[in-house]
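The values are calculated or read from the model by the stated rules, or taken from the named source; none is laboratory data. No experiment lies behind these values; they were computed from the predicted model shown. A quick note on method: Cβ atoms are made from the backbone with ideal geometry, for glycine too, and the neighbour counts reach across all protein chains shown.
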Amino acid sequence: MHSWEADSRSVAEPLPPSLSRLKAEFEKLPGIGPRSAERLTFHILKSDKESALALAQAIRDVKEQVRHCRICYNLTESDPCAICADPRRDQSQVFVVEQPKDVMLLESTGLIRGVYHVLMGHIAPLDGIEPGDLTIDALVARVKTGKVAEVVIATNPTMEGEGTALHLKSVLASYKVKVTQLARGLPAGSQIEYASREVLRDAIEGRRSF
Ligand SMILES: [Zn+2]
C-alpha cells in the first residue's frame, strides 16, 4: 500500500529538522495534506533564495502590517482605511457586509458611494457564533453618532446571512436610521462573492426598505 510505503520511507530517511519543520507548518494550512506539504517543502528547497525569502517576507508583512480599520473593520494597512478616510465617500450610507472580501466585491462594481461596516462573520448559533462575536456593537455606536442616515444590509442570502439581517433590523429599529437590504436579485442560498456585477448592480439599485 502506498501510504505504508510512504510511512516506512519517512521513518527510514527522516527529513533534516528545518525541512521537517517547514513541512509541518505547511500541513497546518487548510486543504494541505502530508503529500502536498512535502511537495511544497521541496519546492521551497529547490527555489532560489530570493523568491523563497520573498514568500517569507510577504507572510511577515501580512501579519505585521494588515489590521482592521477601527471604523469599519475592513482589512487595511492604514487606519482608518482608505474608504473611511475618503472625503468623497458618503459617510451617511453604510453597507453592512459579512467579510472583508465582500467589500472588495461591492467595490469592484464601482457603484458604491457610501462606506462599509464589516461584521466579521454571521450569526450561527449552531456553530457557537453569537451576535456578541460580531462587530454589531460597533455598528450601533456608529449609528448612535447620528451621522448615519441609511444602513444597507448586504449580508449573504443564506440562512445565516438572512438571520443576521433580521437581528440587525431588530437592533437598529430603536434608532432613527433608515434600514434597507440589498434586493434579492441574488439567488437565495448564494454568496455575494459569486454574484456577477450585473446581478449586484440590480441588487444595489433595487434595495428595499425593511
Ligand atoms: Zn474603514
For R70: the one exception among (1) under 18 Å from the mean Cα position of the chain (by Cα); (2) surrounded by 12 or more Cβ atoms within 10 Å (Cβ to Cβ); (3) among the basic types (K, R); (4) part of a helix (DSSP H, G or I): (4)
Residue under evaluation R142, criteria (1) basic (K, R); (2) surrounded by 14 or more Cβ atoms within 10 Å (Cβ to Cβ); (3) under 19 Å from E205 (Cα atoms), criterion not met: (3)
Cross-chain or 6+ apart pairs with Cβ under 6 Å, region 161-186 first and at pLDDT 95 or above, then surrounded by fewer than 16 Cβ atoms within 10 Å (Cβ to Cβ) and part of a loop (DSSP other than H, G, I, E, B): K169/F210; V179/F210
Hits in region 68-108 - residues which are touching a strand residue (DSSP E or B) at 6+ places or on another chain (Cβ under 6 Å), more than 8 Å from the ligand (Cβ to nearest atom), in contact (Cβ under 8 Å) with a residue 40 or more places away in the chain and not hydrophobic (A, V, I, L, M, F, W, C): Q91, Q93
Residue count, region 145-164 (criterion: assigned to a helix (DSSP H, G or I), surrounded by fewer than 18 Cβ atoms within 10 Å (Cβ to Cβ) and small (G, A, S)): 1
Filter result (surrounded by fewer than 11 Cβ atoms within 10 Å (Cβ to Cβ) and in contact with a Gly (Cβ under 9 Å, 6 or more places away or on another chain)) within region 100-126: P125
